[in-house]
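Working notes for the structure below.
The values are calculated or read from the model by the stated rules, or taken from the named source; none is laboratory data. This structure is a prediction, so every number in the text was calculated from the model and none was measured. All Cβ positions, even for glycine, are placed from backbone atoms using ideal geometry, and neighbour counts span all protein chains on display. Note: accessible area is taken over every heavy atom of the protein model, side chains too, but ligands, DNA and RNA are not part of it. Shrake-Rupley method; radii C 1.70, N 1.55, O 1.52, S 1.80 Å.
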Amino acid sequence: MRPVWTIARRELRAYFATPVAYVFIVIFVALSGVFTFYLGNFFEREQADLTPFFGFHPWLHLVLAPAVSMRLWAEERQSGSVELLMCLPIAAWQAVLGKFLAAWCFIAAALALTFPTWITVNYLGDPDNGVILAAYFGSLLMAGAYLAIGACISAACRSQVVAFVTTVVVCFAFLLAGFPLVLDAFAGWAPQVLVDVIGSLGFLTHFNAISKGVLDARDVLYFLLVIAAFLYANAIVLDLGRGN
Amino acid sequence: MIRADSLSKNYGAIKAVDGISFAIEPGEVVGLLGPNGAGKTTTMRMCVGYLAPTSGSVEIHGFDLATRTQAARKTFGYLPEGAPLWGEMTPRAFLDFIADVRELRGAQREARIEEVAALLQLHPVFDQRIETLSKGFRRRVGLAQAILHDPPVLLLDEPTDGLDPNQKHEVRELIRGMSSDKIVVISTHILEEVEAVCSRAIIIAAGRIVADDSPAALAARSEAGRLDEVFRSITTGRKR
């Protein structure tokens, strides 16, 4: 595991070496506040919970997580430093995991910095902090799934912009997999079993369950499996790259 | 010891490398020579396992590259073509990272970073971001990375490209100075470099080895005793 942390540390420093990290965090925290208080009608609801806050997280992560993951491999491929990295005595899975963990820690830091919202709701009323904690956990898990998808796509791209746009589209499909928007594309021709499987893959369904405070092992396992599957795919994409 | 056994690499219908074999013993400084596009970099990349060969195998220091990849990688230092680096890091942070990856520990670690930085004269820019450095400094940071763990095998792809004459001289001195018990393979198209540092020259053209001999013996093949004439006649298939 030591090389994994070495990679993760380097990667995390790389985020903070440029203003990008600070811009990202400010935008993330500001947008989550704006959404909660204006679009989410936090005050008008007169309920001491963070439902309006977490309700926007799937959409916030949808745009911002791909912005974090897009550079993970595409930047290295563009600059050629991927050759340096892959010729060090580090296994591909260690590099993949290290980079992913760095991105995940970064999002976790951004999430943690939304704590004033949590303080606000505790000041105003008496919310169920267990539910809030579960929702934070769910939000982090979902962001991790977005990042794993993004890391895998980034490994297949030389351009960060292409990686970003593709990731947003793929993540959007995963987010709404349980909804007609996606299901209708399969309902006409695919067998019912497949439609059901795709329907059960929706991020939103699983996240909503967790954010209500229902910490079902299956929802947690679901996100962890998505992360594992895409990180595995990420390593395969890198290995395919060795062929050309 | 590096052993390449009938290495080939196809890109679709194009044969970039076509059945290259060689064995290199400790103490040898080998120049991989050839015109641009001859397959030098492709060969180099297959020797470090960055590219998977279409067929053939590579063995470094007794480790088969395909099956014992990580063990093999611990035994060599590699400078990729163009010396790519992470621009947002400083040379200090970069060498620190490499030292972590190379598992250098304790007092030896600091001493070695210091030693390499002094050897390649990196101190004036040690705390500047790499992306702000001149080409010469970047190349030397790349070299520092390759030699940091004092590997028995060094593979350097165009190590003096972009350096001024003084820096070229220093890098050549550096290579000469450490080659007594090591294997050094440099890829280059600068013939004077081969004559200056190499004990053996492997000339590649169109993906095949067309000559493999000491630079002096190769030069002696021309009437005037000039390596460039021999190189030209071998790689173009024309007599002067």
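Structure summary
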item	result
Between A and B, accessible area buried - total, square angstrom, nearest 100, 1.4 angstrom probe	2500 Å²
Local net charge near A:ALA163, Cβ-Cβ under 11 Å (Lys/Arg +1, Asp/Glu -1)	+2
Phi to ³J(HN,Hα) by Karplus 6.51 cos²θ - 1.76 cosθ + 1.60 over the range A:81-96, Hz, x for Gly, Pro	5, 4, 5, 4, 4, 6, 9, 7, x, 10, 6, 4, 5, 5, 5, 4
Cut-off under 5 Å, modelled amide H: who pairs with B:ALA83 long-range	none
Centre separation in Å (Cα based) which lies between the range B:103-165 and the range A:136-173	35 Å
Shape call, chain A: gyration tensor on alpha carbons, a/c limit 1.5	oblate
P(r) tail fraction, the range B:42-126 - alpha-carbon pairs more than 23 Å apart, %	36 percent
Heavy-atom accessible surface of chain A: percent carbon and sulfur, 1.4 Å	71 percent
Sparse-neighbourhood loop sites, chymotrypsin sites (Phe, Trp or Tyr not before Pro) in the range A:1-49 - DSSP loop, at most 16 other Cβ within 10 angstrom	A:PHE43
Dipole magnitude (debye, nearest 20) for the range B:1-147, charges at Cβ of Lys, Arg, Asp, Glu	220 debye
Long-range amide H partners of B:ALA205 with built H, under 5 Å	B:VAL210
Filtered chymotrypsin sites (Phe, Trp or Tyr not before Pro), the range A:154-238: DSSP coil and at most 12 other beta carbons within 10 Å	A:TRP189
Restraint check, B:LYS9/B:LYS182; B:LYS135/B:LYS168; B:LYS15/B:LYS40; B:LYS74/B:LYS168; A:LYS99/B:LYS40, Cα-Cα greater than 22 Å	B:LYS9/B:LYS182; B:LYS74/B:LYS168; A:LYS99/B:LYS40
Relative contact order [Cα under 8 Å, 6+ residues apart], the range B:1-134, whole percent	21 percent
Cα-based equivalent ellipsoid, chain B: semi-axes from gyration tensor eigenvalues, Å	30, 21, 16
Percent of beta bridges antiparallel (DSSP, the protein assembly as shown, rounded to nearest 5)	55 percent
Number of partner chain Cβ atoms within 10 Å, mean per residue of A:67-80	1
Taking chain B and dividing mean pair separation by its residue count, relative contact order in percent (alpha carbons under 8 Å, at least six apart)	26 percent
Among A:ALA30, A:MET86, A:ILE153 the positive-end extreme of the charge dipole of chain A (Cβ point charges)	A:MET86
Solvent exposure of the range B:1-139 as accessible area per residue, Å², 1.4 Å probe	41 Å²
